[in-house]
Amino acid sequence: MIQNLSSVAQAEGVEESRLRRLVGIGHTTIVKNARRDIPALGIGEGLSTKINANIGTSPLTTDLDFELEKARVAVEAGAHTVMDLSTGAGIDETRRAILKAIDVPVGTVPVYQAFAEKRFDMTPEALLHVIEAQCKDGVDFITVHCGIRLEQARRLSKKTRIIPVTSRGGSVLAAWMLKTGQENPLYAEYDALLEIAKEYDVVLSLGDALRPGSLLDANDYFQNSELETLGELTKRARQAGVQVIIEGPGHMPLDTIVDNVKYQKLVCDGAPYYVLGPLVTDTALGYDHISGAIGGAIAAAAGVDFLCYVTPAEHVGLPDVEDVEKGVIASKIAAHAADIVKLGGKARCEDERISRARGVLDWHTMEKYALDKKTRARIEKAKNDEPCTMCGDLCALKVCDDLIDKEDPKDDGA
């Protein structure tokens, strides 16, 4: 852990002593499985906002090469972590191949595999077995929906919510509880889960099974009661020496995001917050990466530490390589915009470099510091002092250069 703290402090430009304190109180996590040889990643207070990209097979589409290409593109575009959400054939093979292919932390949702293999015959022991097997493979963090309870599952209906459950892991556990009449095994066997996580130094991402899937369901009883349970489980994890992050919504009206972040930080005692989006409108079908970036920028500026990207394919189908790239870039813009607020000059320096380069039509420097490293394809004239085709000889910068005295105003000849 000491070595990981040092490398993260250096990468983030923060004092190691401060980082150690923040990790000690659970406001920051260091993500790296003890069995993987990758750079450790810091997520939490005082650090830059991180981005996750989801990939993975589905029961209808299983193509390992396709998922590996998406993983590589996600990392190249700037994703700090990748989650394998595979539910199709060869889940073990897919996960292990992804772990070998990329050198960033990899996350999973173990209940997907456990339920896919056993369906309603899934036992708590079988679920814990899958969790341990994935941790042993080298997975760095796992989403575990520990906060949804049997009582809540029984209260879910079309009358209580527009969309009772939008989380796939949450729906699986709710259905299992209603079918068997048993409590959520991730809650009932939480102590055993903590033992596994501690052995492999795996971060628990406490999932929001009851996150809102509609603006009309945001901030309701189900969302908030689950969050309160996650607050209790956060304390238990810290007592056991296990790091956690907390997952959040989801779909949420823009004007409620800041209050949600404040509430999470209060209930979960400053634990790192990880949100999907949030999406600020339900109408952006095909453009949900933009809706998610708007919500993500507001959330991260308010204190969210980790953004899960949203792709244009959200609510439509399995994302392709282009969807993955667009989703990562949209989230990078949101994260950077938020970091300008949270980190000040440390984040704003690249904006200054681009602004100064733009002022003199220095295309090469603009390309260098652009968030999208593939900007070159969009630059039609990559030569200094030449305006783009938008304005031509009516370029504002050129017109100003012709009118404004370029000499230092202080040099008055005296």
Positions within segment 240-255 being more than 21 Å from VAL82 (Cβ to Cβ) and touching a helix residue (DSSP H, G or I) at 6+ places or on another chain (Cβ under 9 Å), in sequence order: ALA240, GLY241, VAL242, PRO249, HIS251, MET252, PRO253, LEU254
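Here are some residues: LEU173, LEU156. Which one is at pLDDT 95 or above and over 19 Å from GLN264 (Cα atoms)? Walk me through how you get there before you give the answer.
Working: LEU156 fails: at pLDDT 95 or above.
The conditions single out LEU173.
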I'd like to know if segment 32-55 contains one or more residues that are part of a loop (DSSP other than H, G, I, E, B), over 13 Å from the mean Cα position of the chain (by Cα) and among the hydroxyl-bearing types (Ser, Thr, Tyr). no
If you go through segment 6-39 one residue at a time, how many are within 26 Å of LYS235 (Cβ to Cβ) and in contact (Cβ under 8 Å) with a residue 40 or more places away in the chain? 11
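Would you pick out the residues in segment 88-105 that are among the β-branched types (Val, Ile, Thr) and touching a residue at least 40 places away in the same chain (Cβ under 8 Å)?
Initial filter on segment 88-105 (among the β-branched types (Val, Ile, Thr)): 91, 94, 98, 102, 104.
If the condition is that a residue be among the β-branched types (Val, Ile, Thr) and touching a residue at least 40 places away in the same chain (Cβ under 8 Å), then ILE98, VAL104 are the ones that fit.
The values are calculated or read from the model by the stated rules, or taken from the named source; none is laboratory data. All of these numbers come straight from a predicted model, not from anything done at the bench. Note that each Cβ is placed from the backbone with ideal geometry, even for glycine, and that neighbours are counted across all protein chains shown.
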